[in-house]
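> Structure in C-alpha cells, see below.
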Amino acid sequence: ESLPGFDELKKRNADIVAWIKLDGTHIDHPVVRGKDNFEYLTKDADGEFYQGGSIFLDSGNTGDLSDDYIIIHGHHMMRGAMFSDLSLYLEEEFFCEHETGELLTPQGDYALTVLGAGYADAYDGELYHTGADVTLPLQLTDTCIQKRGLDFEKGDKLVMLSTCSGDMTSHRIVVFLRAGKVK
C-alpha cells in the first residue's frame, strides 16, 4: 500500500521514488530515479529543466529501493540547497550532534542514522557500484574522517549520499547512513 502523499507525488512525476530528510539540515527533498545518472542532473523533481537538478537515486539501484546498498546523488549548491549540507557532517561537532533522518518510500519508512562522512573519488568502482551482486563497501572506515560504530540488524540497508566537493573534479563528499525499516 502506498504511503499517504506518494499518490500525489507520483501524479507530479512518476519518477519520484522516495523522500529524504536529514535532521538539522536543509535536506528535505523528493528523490527521483531516471533512466540513467544524467537525466536529473538538470531537471527538477517535476521533470522540468532546472540547472540545479534533483536529488536522485543511482540508476543502478532498483526503483523500489529494495537493494541492500543504496546510492543517492545530489548537486552541491550554495546556501544549503540540494546536498550542500552534506559537508556539515565533515565537522566533528555537527557530526556528533546530528545523526538522524528519514527515508520515506511507498513501500515503507526507514529511520536513518549517520554512520560516517568523508571524501571519495567518483570513479571508485567498488564504492559507486550498485546492483544485486554488491557486497557492502569496506571503504566506510578508510573513506570517512568522521564515523561512529553502529551494528546492522537483519533488513537494514546501507545508504550513501554523494555530492561534489565544491569543484568540478571527481572528488565527492559522501555520507553513509544505516537505514532501518520502521515497523
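> Applying a 10 Å radius around every beta-carbon, put 46-53, 86-93, 67-74 in order of their mean neighbour count, most first. Kindly include the intermediate steps, with their values, before the conclusion.
On the way: 46-53: 13.5, 86-93: 17.2, 67-74: 21.9.
Highest-to-lowest ranking by the protection proxy: 67-74, 86-93, 46-53.
> For segment 33-102, count all C-alpha to C-alpha pairs, find those more than 15 Å apart, and express that count as a whole percent of the total.
Values: 1479 of 2415 pairs.
Cα-Cα pairs of segment 33-102 separated by over 15 Å account for 61 percent.
> What number, rounded to the nearest 500 deg cm²/dmol, is the helix-based mean residue ellipticity at 222 nm of the chain, given -39500 (n - 2.57) per DSSP H run of at least four residues and division by all its residues? The partial results should precede the final answer.
Working: 3 runs with 17 residues, N = 183.
Calculated mean residue ellipticity at 222 nm is -2000 deg cm²/dmol.
> Another question about this same structure. Give me the number: length gained by fully extending residue 171 to residue 111, i.e. 0.36 nm times residue separation minus the C-alpha to C-alpha distance, one decimal in nm. Before the final figure, lay out the partial values.
Numbers: separation 60, 0.36 × 60 = 21.60 nm, distance 2.79 nm.
Full extension from residue 171 to residue 111 adds 18.8 nm.
> Separate question: At q = 0.17 Å⁻¹, work out log10 I(q)/I(0) for segment 76-117 with the Debye formula, treating every Cα as an identical point scatterer and leaving solvent out; two decimals please.
-0.56
> Order the following by accessible area, largest value first: 98, 171, 76. Probe radius 1.4 Å; ligands, DNA and RNA are ignored. Show your work: numbers first, answer last.
Numbers: 98 45, 171 100, 76 65 Å².
Descending accessible area places them as 171, 76, 98.
> Still on this model: Rounded to two decimal places and with Rh computed the Kirkwood way over Cα pairs, what is Rg over Rh for segment 1-73? If you can, show how the numbers build up before the last one.
Values: Rg = 11.9 Å, Rh = 12.6 Å.
Checking Rg against Rh, the ratio lands at 0.95.
> Express the carbon and sulfur contribution to the solvent-accessible surface of segment 1-131 as a percent, rounded to the nearest whole number, probe 1.4 angstrom.
Working: 3190 of 6280 Å².
Answer for segment 1-131 is 51 percent, counting heavy atoms of protein chains only.
> Once you've got the GNM for the chain with C-alpha springs shorter than 10 Å, pick whichever of 42, 105, 130 has the biggest mean-square fluctuation.
Greatest mean-square fluctuation among the candidates belongs to 42.
> Let me ask something else about it. Beyond 30 Å, what percent of the Cα pairs of the chain remain? Before the final figure, lay out each step's value.
Working: 1715 of 16653 pairs.
Of all Cα-Cα distances in the chain, 10 percent exceed 30 Å.
> Please give the per residue accessible area of the chain, computed with a probe of 1.4 Å over protein heavy atoms only, in Å².
Details: 9350 Å² over 183 residues.
For the chain, the solvent-accessible area averages 51 Å² per residue.
> Still on this model: At 7 Å along the Cα-to-beta-carbon direction for both residue 11 and residue 26, put a label point, then send me their distance in nm to one decimal.
Label-label distance for residue 11 and residue 26, simple model: 3.0 nm.
The values are calculated or read from the model by the stated rules, or taken from the named source; none is laboratory data. These figures come from a predicted structure and were not determined experimentally. Methodologically, a virtual Cβ is constructed for each residue, glycine included, from the backbone with ideal geometry; neighbour enumeration extends over all protein chains shown. Each accessible area value is taken on the protein alone, full model and side chains, heavy atoms only, with ligands, DNA and RNA left out. Shrake-Rupley method; radii C 1.70, N 1.55, O 1.52, S 1.80 Å.
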